[in-house]
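The values are calculated or read from the model by the stated rules, or taken from the named source; none is laboratory data. What you see is a predicted model, and the numbers here were worked out from it, not measured in a lab. Positions of Cβ are backbone-derived with ideal geometry, glycine not excepted, and every protein chain shown enters the neighbour counts. All accessible areas refer to the heavy atoms of the entire protein, side chains included, with ligands and DNA or RNA removed. Shrake-Rupley method; radii C 1.70, N 1.55, O 1.52, S 1.80 Å.
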Amino acid sequence: MKDLNKKVVSLISISLILTSCSFGTIDRSAHGNRPRTEPRTFFNGVKKRVALLTFFNESPYGGEDLGVTATEEFRRELSRTGQFVVDPMAKKLFGSSKEIYAGGGVKLVQLSRKAKVAGLNFVLFGRIIDARIREKVDEIGVVRETKSYTESKVEVRIFDVNGNKEIYSETLRGFADDSSFRFFQGDRETKLQYRRDLLRYVVKIAVRKAIPRILAVSSKLDWVGRVAKIVGTKIYINAGRNSGLNIGDILKVMSEGEEIFDPETGALIGVSKGTVKGTIEVIDYFGADGSIAVLHSGGSVHENDFVQLY
């Protein structure tokens, strides 16, 4: 009877264990990856052309290196989204973020016409307002535990070229804590490199936080291209395969909008949308990122006219 009771107790225990294990389990593949709950979304629109200006560092730590780190992280993350083309020639047109700040942003307004002709959709610029690291080190021992607390503040701003105005400005923070064990008599260069790496890391964290915001702002802006040249019946557009245009796409040809000013204050409110002059159809590609189109409807298409998806 005792053996029977033991068997019953054992069976109950096993069943309870199996039941508890069946709740809250996570399905994984043979490689340990969790399956997606929702399918990955793919961007199939036309990529917007971005002028990414070099960020600058106002904090007393990290020097110019942090500004370069922020800029390159933005370049990398924007490219990863598949929704943007970062224009390599933008620096020649606008200069650096520091120059924009020094002029109070007036340079952006003054050069918006040239930027629009260059096919740019918006300008991304900013600065590192603060970047600092605090350390707490054990007082006893040859090998001492060091706890580091690092933070950054990165200001990100977006200027809409077609609207000729700034449409986004936000300061984003990055935080990181780290604990390591070091020899008390460690060399100075190793310590400095460790701090540099932490500062770079928190700046990258702040930059990555900005990407979803940039995507949200960009989704509200129209893609705008330009008629670069007309030869016979062929209309050459300054965007092509790399920008996401497809053979057969219909584009509407727009006249340039007018700047609208507030009659009371004289401040620029924005730029009106131009009128539709006709439509063109993409029939081929040329160069690294250009396309060839022919007239589809309407007429009077001229060089430097602007185009949008129909």
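Only residues that are in a strand (DSSP E or B) and more than 13 Å from ILE211 (Cα to Cα): list them for the range 158-168, please. Working first, answer last.
Quick first cut of the range 158-168, residues in a strand (DSSP E or B) only: 158-160, 165-168.
Hits for the range 158-168 are PHE159, ASP160, LYS165, GLU166, ILE167.
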For the range 51-59, check the following and say yes or no: at least one residue is open to solvent by 50 Å² or more (accessible area, probe 1.4 Å), part of a loop (DSSP other than H, G, I, E, B) and in contact (Cβ under 8 Å) with a residue 60 or more places away in the chain.
yes
Quick check on this structure: which one of VAL109, VAL68 is assigned to a helix (DSSP H, G or I), open to solvent by 40 Å² or more (accessible area, probe 1.4 Å), among the β-branched types (Val, Ile, Thr) and free of Cβ contacts under 8 Å to residues at least 24 places away in the same chain?
VAL68
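Suppose the filter is under 22 Å from PHE122 (Cβ atoms) and surrounded by fewer than 17 Cβ atoms within 10 Å (Cβ to Cβ); does ARG213 pass it? I'd like the intermediate steps shown before the answer.
Working: under 22 Å from PHE122 (Cβ atoms): yes; surrounded by fewer than 17 Cβ atoms within 10 Å (Cβ to Cβ): yes.
Yes, satisfied.
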Complete set of residues in the range 148-175 that are surrounded by fewer than 17 Cβ atoms within 10 Å (Cβ to Cβ) and among the small types (Gly, Ala, Ser)
SER169
When you go through (1) in contact (Cβ under 8 Å) with a residue 24 or more places away in the chain; (2) open to solvent by 50 Å² or more (accessible area, probe 1.4 Å) one by one for SER219, which number turns out not to apply?
(1)
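Considering only residues of the range 222-237 that are in a loop (DSSP other than H, G, I, E, B) and crowded, with 20+ Cβ neighbours inside 10 Å, which is nearest to the chain's Cα centre (by Cα)? Break it down stepwise before answering.
Of all residues in the range 222-237, those in a loop (DSSP other than H, G, I, E, B) come to 222-224, 232-233.
Filter once more, keeping what is crowded, with 20+ Cβ neighbours inside 10 Å: 223-224.
On the way: TRP223: 16, VAL224: 19 Å.
The residue in question is TRP223.
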Scan the range 294-302 and tell me whether some residue there is of a type in the set (Ser, Thr, Tyr), without any contact (Cβ under 8 Å) to a residue 24 or more places away in the chain and in contact with an Asp or Glu (Cβ under 7 Å, 6 or more places away or on another chain).
no
Residue by residue through the range 67-107, note down the ones that are within 11 Å of PHE125 (Cα to Cα) and among the hydrophobic types (A, V, I, L, M, F, W, C).
ALA70, PHE74, PHE94, ILE100
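Only one of GLY126, GLY119 is outside any helix (DSSP H, G or I), more than 19 Å from GLN308 (Cα to Cα) and in contact with a strand residue (DSSP E or B) (Cβ under 7 Å, 6 or more places away or on another chain); which? Steps first, answer last, please.
On the way: GLY119 fails: more than 19 Å from GLN308 (Cα to Cα).
None of the other options fit; the residue is GLY126.
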Look through the range 118-147, keep the residues that are at pLDDT 80 or above and open to solvent by 20 Å² or more (accessible area, probe 1.4 Å), and return whichever of them is nearest to VAL68 (Cα to Cα).
ARG127
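Which one is modelled with the lowest pLDDT, of the residues in the range 246-285 that are in a strand (DSSP E or B) and open to solvent by 80 Å² or more (accessible area, probe 1.4 Å)? Working first, answer last.
First, pick out the residues of the range 246-285 that are in a strand (DSSP E or B): 250-254, 259-261, 268-271, 276-285.
Add one more test, that the residue is open to solvent by 80 Å² or more (accessible area, probe 1.4 Å), and what stays is 259, 261, 269, 276.
Working: GLU259: 75, PHE261: 78, ILE269: 72, VAL276: 88.
If we take residues in the range 246-285 being in a strand (DSSP E or B) and open to solvent by 80 Å² or more (accessible area, probe 1.4 Å), then ILE269 is modelled with the lowest pLDDT.
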